[in-house]
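Working notes, structure below.
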Amino acid sequence: MWGFFGHQKINRMAVFTLPVEMIGFYKHNIQYLTENAVNPDRRRYAVEGEAPCHYIDLDVYGDSAAYKLPRYWNDAVEQYSEDTLLAYGIVPWHVNRVKYQLTDAMRVGDVRNILRLSADLGHYIADANVPLHTTENYDGQLTGQRGIHGLWESRLPELFSEDYDFFIGRASYIENPQLAIWDAVVHAHEALDSVLAFEVAITEKLGIDKKYSFETRGNVTVKVYSREFSQKYHEALGGMVERQMLRSVKMVGDFWYTCWIDAGQPDLDKLIDFEFTEEELQQRRLELREWKEKNHHSRRHESD
């Protein structure tokens, strides 16, 4: 995951890519879409079967798997079995599934699910654009780089995203969403070697004594990657984190827009006055509590 900050920023900025026919509804609900961008991560521990929806371990399928794996779910199941796919992550196929669910919700004017699925879809798309979500070595644990997950997708955006240029233009229609999300996964995976190699290089250059520092957050003092190390790593990546974050924003907007087009361009302005019931708000609070209790196994990252 991008960390709470990153996911919320991506969903929020995606709203501003939408056309006039959509932006009224989405801006009216921008707080919901921002706050609930992290709902899938809250469910990782509370809901069985949620965790594989966030990643795909391409390297376990052998060389060039990013280019050879079946793009469509039924073909992949036939070749590898559903159990195997679930064991190593299904994010590109899951994005397409949620895309169809959101399209159906728009088609029938199901405002609750439009909002819920829009927030969720933004999360999964953003995850698919993270290089460390495409590998079994997702936290550098296989190469002695444990913690790199939180460094790349949480620490760096929190420190430097204020300087990113989020002016990315209007959302555009995607002819084949399943192939589009696979393109995003491949692009992210191609950056993986640099993500790992530059971390090693900066560690060797600065030394381990300058790699970490301590920061006070509220009443707690925590160990973090130092600002100097983070700055050098960010510079070595050459704008990679910014590019992937902007790609995520644009793709989220594109997918929302594509769902709306495929649903027949319904009048979303008619749905603006919707409000969640107290029971629904209570359910959201319950999900948050379950997430905190972490009832189901899921991959842990530094930002958890």
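Throughout, read-outs are computed from the coordinates displayed, never taken from laboratory work. All figures in this text were calculated on a predicted structure; none of them were measured in a lab. Every residue, glycine as well, gets a Cβ built from its backbone with ideal geometry; the counts of neighbours run over all protein chains shown.
The table for this structure:
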quantity: Within the range 239-284, GluC sites (Glu not before Pro) in DSSP loop having at most 11 other beta-carbon neighbours inside 10 Å; calculated: Glu275
quantity: Within straight-line cross-link reach of Lys9, lysines at Cα separation under 27 Å, skipping those fewer than 8 residues along the same chain; calculated: Lys27, Lys99, Lys211, Lys223, Lys232, Lys250, Lys270, Lys292, Lys294
quantity: Cα-only radius of gyration and Dmax that characterise the range 37-178, units Å; calculated: 16.5, 50
quantity: Cross-link reach list, aspartates and glutamates versus Lys205, counting only Cα pairs under 12 Å and skipping chain neighbours closer than eight places; calculated: Glu228
quantity: DSSP-loop GluC sites (Glu not before Pro) across the range 44-107, with at most 12 other Cβ within 10 angstrom; calculated: Glu48
quantity: Dipole in debye (nearest 20) - the chain, about Cα centre, beta carbon charges: Lys, Arg +1; Asp, Glu -1; calculated: 640 debye
quantity: Calculated FRET efficiency for the pair Asp269/Tyr212, C-beta based, R₀ 45 Å, to 0.05; calculated: 0.35
quantity: Distance between the range 229-279 and the range 42-71 - C-alpha centres, whole angstrom; calculated: 21 Å
quantity: Choice from Ile261, Ile30, Ile125 showing the highest fluctuation, given a GNM over the chain with Cα pairs closer than 10 Å; calculated: Ile261
quantity: Relative contact order, percent, the chain [alpha-carbon distance under 8 Å, six or more residues apart]; calculated: 32 percent
quantity: Highest-MSF residue in the chain out of Val186, Val200, Val252 [GNM, Cα springs under 10 Å]; calculated: Val200
quantity: GNM result for the chain, Cα springs below 10 Å: residue of Asp104, Asp267, Asp63 fluctuating most strongly; calculated: Asp63
quantity: Theoretical FRET efficiency, 1/(1+(r/R0)^6), r = Cβ-Cβ of Gln282 and Arg97, R0 30 Å, to 0.05; calculated: 0.65
quantity: Radius of gyration and maximum dimension Dmax of the chain, Cα, Å; calculated: 19.2, 59
quantity: Within the range 186-231, trypsin sites (Lys or Arg not before Pro) in DSSP loop having at most 16 other beta-carbon neighbours inside 10 Å; calculated: none
